[in-house]
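For reference, the structure discussed in these notes is given below.
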Amino acid sequence: MTNRVVLGLQWGDEGKGKIVDLLSRDADIIARCQGGANAGHTVKINSQQFILHLIPSGILHPGKICLIGNGVVLDLFQLFHEMRELQEKGIDTTGRLFVSGRAHLVMPYHKVVEAAQESARGKEALNTSKRGIGPAYHDKVARYGIQFAEIFDDNLLREKIRASLQEKQSVLAALPEDQRPTVDMTFDAVRAKRDEARLLLCDVSKYLDDAVAQNKRILFEGAQGTLLDVDFGTYPFVTSSNTTIGGVLTGLGIGPKHLDRITGVVKAYQTRVGNGPFPTELHDQLGKDIREWGHEYGATTGRPRRTGWIDLVLLKYAVRLNGVDDIALMKMDVMDKLKEIKVCVGYKLDGQKLDTPPQLGSEFARVEPIYQTLPGWKKPVHEAKKYGDLCPNAKAYLKFIEDFVGAKISILSTGAERDETIVLG
Ligand code: IMP
């Protein structure tokens, strides 16, 4: 029995949705551990497109159980919206989707607070996904949060909303009166969802422990990517959760010995949405071309993604941080047309050569990439159905990445469809 973890190794948007969809076939349970509706997992099945923000993409497989762990910040309204959309496309979530009672809620006022904070930062804005993620995690850590299991007690819910709004008074007071969230308005909105919500309530940690005892196979699904981790990412241009391996354990309530294999998902190039340093960013026409070829527009916000060459210094760092066993390399087809492909193999900073990112964000913002240039393959990789069908330059590119970062490539994605995938091991 293998319990596999899928984590993003870049700044998110690596294609985790497709990999989770693929690996879900061999799993009984798919469990999401952190983040919230800031994530956007796109899966294409027979030309039908699904974009999921909160619900694990494993839900697209009939009969699979999907769990949302305590580490996720839960926007109840978004959750029900996604459930309805799936229902309309013929996918029933009844009895297959459960949420930890310990998960903290993203409340409507979190979005209002986030908008005010972003505007107060002015030019220093983080350019977040505006889903209320930061303020919801803030409330959790500051102990003003509301847990999912608490919404079923009227008095407790009302009192917690009151206390949380009170804490935000200075921010909310600056808003025009008709835009200020009130206790009654918030309470009524959450209460209206309560009967539906009750069916989802679950002790996810206990559920997983029982599943392990019954030899069920679990797929652990991370959201965002390593470089957005609140501790190890490009702080402060990060999200507010641990997107690295520790987030799986604390976000679900499971011990490390139950994680058998850690698969990191990586794009054949680099993208980033929102602000923050990006050493290998391409500001020229090629950067724009890669954006178009790769359809690099945010699944959550529609924002154009910044694009650049793959950064192997950061990838090696991500492999180390997460203890990655193997890599799923995505969107290799996007590089099909290129005569030459650059890969970043080191940094220069103040005349010194670095082989790992500096700890200080202000230093990381100043590093200059050192590139190695590899020959392109100039052939549509989606024509290859197995590793042996790839041309020598494509194989050499894969080997270069493997040797540099010290992890094997186990899955190769050569297009958006389910069948445009080569499994190597
Ligand atoms: P937040 O998570 O909405 O607070 O946004 C913080 C930063 O993380 C912003 O730069 C977002 O664009 C980025 N971010 C959050 N979630 C994702 C994701 O799923 N993919 C890519 N970037 C993300």
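Highest first, please rank the peptides 123-132, 192-201, 62-71 by the mean number of other Cβ atoms sitting within 10 Å of their residues.
Those peptides, ordered most packed to least, come out 62-71, 123-132, 192-201.
Indicate, rounded to the nearest 5 percent, the antiparallel portion of the DSSP beta bridges found entirely in the range 267-423.
75
Would you list VAL313, VAL99, VAL106, VAL212 from fewest to most Cβ contacts within 10 Å?
VAL212, VAL313, VAL99, VAL106
Using the beta-carbon distance between GLU196 and ASP260 and R0 = 35 Å, what value does 1/(1 + (r/R0)^6) give for FRET efficiency, to the nearest 0.05?
It comes to 0.50.
Under the classification rounded if a/c is under 1.5, otherwise prolate if a/b is larger than b/c and oblate if not, where does the range 68-152 fall, given a ≥ b ≥ c as square roots of the Cα gyration tensor eigenvalues?
oblate
Pop out the ³J(HN,Hα) list for the range 252-269 in order, Karplus 6.51 cos²θ - 1.76 cosθ + 1.60 with θ = phi - 60°, rounded to Hz; leave Gly and Pro as x.
Listing the rounded values in order: 10, x, 9, x, x, 5, 8, 9, 8, 8, 10, 10, x, 9, 9, 8, 5, 9 Hz.
Taking the chain as a Gaussian network, where each spring joins two C-alpha atoms under 10 Å apart, which residue of GLY134, GLY302, GLY122 fluctuates the most?
The residue with the greatest mean-square fluctuation here is GLY122.
Which pairs, out of LYS111/LYS348; LYS168/LYS348; LYS130/LYS316; LYS378/LYS408; LYS168/LYS257; LYS89/LYS342, put more than 32 Å between their alpha-carbon atoms?
From LYS111/LYS348; LYS168/LYS348; LYS130/LYS316; LYS378/LYS408; LYS168/LYS257; LYS89/LYS342, over 32 Å: LYS111/LYS348; LYS168/LYS348; LYS168/LYS257; LYS89/LYS342.
At a 10 Å Cβ-Cβ cut-off, how would you order ASP154, ASP209, fewest neighbours first?
If I rank by nearby Cβ atoms, fewest first, I get ASP154, ASP209.
Need one word for the range 313-425: rounded, prolate or oblate. Basis is the Cα gyration tensor (sqrt eigenvalues a ≥ b ≥ c); a/c below 1.5 gives rounded, then a/b vs b/c decides.
Because a/c hits 1.5 or more and a/b exceeds b/c, the range 313-425 counts as prolate.
Within a 10 angstrom radius of the beta carbon, how do ASP28, ASP333, ASP229 rank from fewest other beta carbons to most?
Taking fewest neighbouring Cβ atoms as first place, the list is ASP28, ASP333, ASP229.
Using Cα pairs under 8 angstrom and six or more residues apart, how large is the relative contact order of the range 107-177, in percent?
Relative contact order for the range 107-177 comes out at 30 percent.
Here, each number is a calculation from the coordinates, and none is a lab measurement. These numbers come from a predicted model, not from an experiment. Please note: Cβ atoms are built from the backbone with ideal geometry, for glycine as well, and neighbour counts cover all protein chains shown.
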